1. Would you mind estimating how fast the range 17-127 diffuses translationally, via Stokes-Einstein at 25 °C and 0.890 mPa s with the Kirkwood radius over Cα pairs, in µm²/s?
2. Between the alpha-carbon centers of the range 26-53 and the range 133-163, tell me the distance in whole angstrom.
3. Could you work out how much longer the chain between ARG12 and VAL193 gets when fully extended? Use 0.36 nm per residue separation minus the Cα distance between them, nm to one decimal.
4. How high is the FRET efficiency between GLU5 and TYR174 when r is their beta carbon distance and R₀ equals 45 Å, given to the nearest 0.05?
5. Under 14 Å from a point placed 7 Å out from the Cα of ALA106 along the Cα-to-Cβ direction: which residues of the range 121-147 have their backbone N that close?
6. Can you pick out the pairs among LYS52/LYS125; LYS101/LYS125; LYS97/LYS163; LYS90/LYS125; LYS52/LYS101 whose Cα atoms lie more than 23 Å from each other?
7. Could you give the nm distance between label points at SER64 and GLU165, where each point is 7 Å from its Cα heading toward the beta carbon?
8. Which order do peptides 82-91, 133-142 fall in by mean Cβ count within 10 Å, highest first?
Amino acid sequence: MDLAEIWRVMRRRWYVLLPGLLLTAALTTAVHLLIPVEYQSQSTVTLLNSSKATEAFDGNPFLSTQTSLTGMADGLARNLNSDGAKADLKALGVTGKHEVKIADNAQGPFMWLTVTGTDPAAVLKSDELLAGYADKRLKEFQTQQSVAPEAMIRMATIVPPQKPEAQTKTRIQYIVMVGALGFVLSLVATFFVEARRRTPRGKNRPAPAGTPAADTPAPASATPVVTDETMALRTVGPSGAGSP
């Protein structure tokens, strides 16, 4: 079947295709309205060595980096993603979904603090609260271990919470999925109706009982019928003479 034939079938069975396309348009519109747009804000922080450990570098913490800082960043991120931290953040007013992890391709103890939600203003405020809570938890960890203030690991903000940006990828994927599925099903229904209409009526119906088949030849008689004329020809023969 070529494209011209497909187009002719679609035009001929428009009364099947059109309702399917209208239903597909209605479903895609519903998905567009029901799935809200999500916004995301992200900030970047880093862990710095203690003031005591940076004395040899004239107090510059960026010249004193240790592998232990990256391990501490990983442990802090895991704690901030725990159920207990989620409950604390909710009590502080954090809305939406938050995530803390070591930054991709990080060359040091850099962490991403991300908040996702449907209200841009609330998302930005929640990311700020998350950054403050992360600094507080870092100090609590070290206080529990009786670390002296001058020996405590510190946190510094590299990138402050950014203006929330719309995340439309998932929403568009759902809309495209519903639209494509509806269009395909509409075409399937159209060609199904076309195939049904092209099937001759009664083609596959069984013949009524007792009705002889039209194309079946009559059976030949197994025993030849002998008549008086046949006997006479056998007696006289072809030349008129009697048979011997």
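Every number here is computed from the coordinates shown, using simple stated rules; none is lab data. Since the structure is predicted, the reported quantities are computational estimates derived from the model, not experimental observations. Methodologically, a virtual Cβ is constructed for each residue, glycine included, from the backbone with ideal geometry; neighbour enumeration extends over all protein chains shown.
1. In µm²/s, the coefficient is 143.
2. 22
3. 64.1 nm
4. That gives a FRET efficiency of 0.85.
5. Those under the cut-off are 131, 134-135, 138.
6. LYS52/LYS125; LYS52/LYS101
7. 3.6
8. Result, highest mean Cβ count within 10 Å first: 133-142, 82-91.
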